[in-house]
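Below: the structure, in structure tokens.
The values are calculated or read from the model by the stated rules, or taken from the named source; none is laboratory data. Predicted model, so just to flag it, every value in this text is computed and none were measured. Glycine gets a Cβ as well: all are built from the backbone with ideal geometry, and neighbour counts include every protein chain shown. The area values use the complete protein model at the heavy-atom level, side chains included, leaving out ligands, DNA and RNA. Shrake-Rupley method; radii C 1.70, N 1.55, O 1.52, S 1.80 Å.
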Amino acid sequence: MIELSVHDAADVLALELWDTAGAAAVAQALGFALPPAGRSAGDDHLRAMRFEPTVWLVEGAAIDRAALDAAVADHGAVTPIGGGLVRVRLVGAGWRGLLMHDGVFDAEDPAFAPGCTAATVIAHVAVRLNVVAPDRCDALVPASLADGLIARWREVAARVDTPA
């Protein structure tokens, strides 16, 4: 069984660092080092995910925006982007198979494990994936296309969960 739940993504910030000089201060503000490409760090209260060479997405209720802004200083920018996103939580053993429908990314690869991130396209929609646990993957989806993609995922999940 696959559970799909939709959550607000208003807390998502794009953290861009233009040079490496700000990385140590940002790590201190977050309480952990920024993860390398294709990885995430933190927990459900504060998480950083790296999808691009100089950009991390930072999310969570524990974000200290003032400390983060001060840490970044002249080395980058912190921009709220969550208003344009919807967070979809996929829970259950079948989340990998669900993502394979209409997708181009091999979500079934066992190396795509907790702590891994990926930016991909599913059903013509740009999606950012974060594997949180063996049975959970969170997807950040553009709000303008979320309804259609979520409806498709619900349709596929119902078929996948139905015994033949």
Report summary line: Summing -39500 (n - 2.57) over every DSSP H run of at least 4 residues in the chain and dividing by its residue count gives a helix-only mean residue ellipticity at 222 nm, to the nearest 500 deg cm²/dmol, of -7500 deg cm²/dmol
Query raised in the report: Got a sec to turn the phi values of the stretch 76-84 into Karplus ³J(HN,Hα) couplings, 6.51 cos²θ - 1.76 cosθ + 1.60 with θ = phi - 60°, whole Hz, x for Gly and Pro?
Result: x, 8, 10, 10, x, 10, x, x, x
Report summary line: The Rg/Rh figure for the stretch 27-145, Cα atoms and Kirkwood Rh, to two decimals is 0.97
Query raised in the report: How would Met1, Met49, Met100 rank on accessible area, largest to smallest, probe 1.4 Å?
Result: Met1, Met100, Met49
Requested in this report: Just grab the label-to-label distance for Met100 and His75, each label 7 Å out from Cα along the Cβ direction, in nm (one decimal).
Outcome: 4.2 nm
**Report entry** Carbon plus sulfur fraction of accessible area for the chain, probe 1.4 Å, in percent
**Finding:** 57 percent
Report task. Could you do me a favour and compute the accessible area per residue for the stretch 62-101, 1.4 Å probe, result in Å²? Result -> 42 Å²
Report summary line: A correct Karplus calculation of ³J(HN,Hα) over the stretch 85-98, with 6.51 cos²θ - 1.76 cosθ + 1.60, θ = phi - 60°, whole Hz and x for Gly and Pro, returns 10, 10, 9, 10, 9, 10, 10, x, 5, x, 4, 5, x, 4
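In debye, nearest 20: dipole of the chain around its Cα centre with unit charges on the Cβ of K, R (+) and D, E (-)?
Around 220 debye, computed over the chain.
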Report task. Name the long-range amide H neighbours of Gly76: under 5 Å, sequence gap of 5 or more, or other chain; modelled H, no Pro or chain starts. Result -> Trp18
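Could you order peptides 71-79, 105-113 by the average number of other Cβ atoms within 10 Å of their residues, highest first?
The most tightly packed comes first, giving 71-79, 105-113.
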Query raised in the report: Which ³J(HN,Hα) values, rounded to whole Hz and listed in residue order, are derived for the stretch 38-54 from phi using the Karplus coefficients 6.51, -1.76 and 1.60 in 6.51 cos²θ - 1.76 cosθ + 1.60 with θ = phi - 60°, glycine and proline given as x?
Result: x, 9, 10, 9, x, 8, 5, 8, 7, 9, 10, 10, 10, 10, 10, x, 10
Query raised in the report: Which one of Val12, Ala119, Leu98 is farthest out on the positive end of the charge dipole of the chain, using unit charges on Cβ (Lys, Arg +1; Asp, Glu -1) and the Cα centre as origin?
Result: Leu98
Requested in this report: Assuming R0 = 30 Å, can you tell me the calculated FRET efficiency for the pair Ser5 and Gln28, based on Cβ-Cβ distance, to the nearest 0.05?
Outcome: 0.35
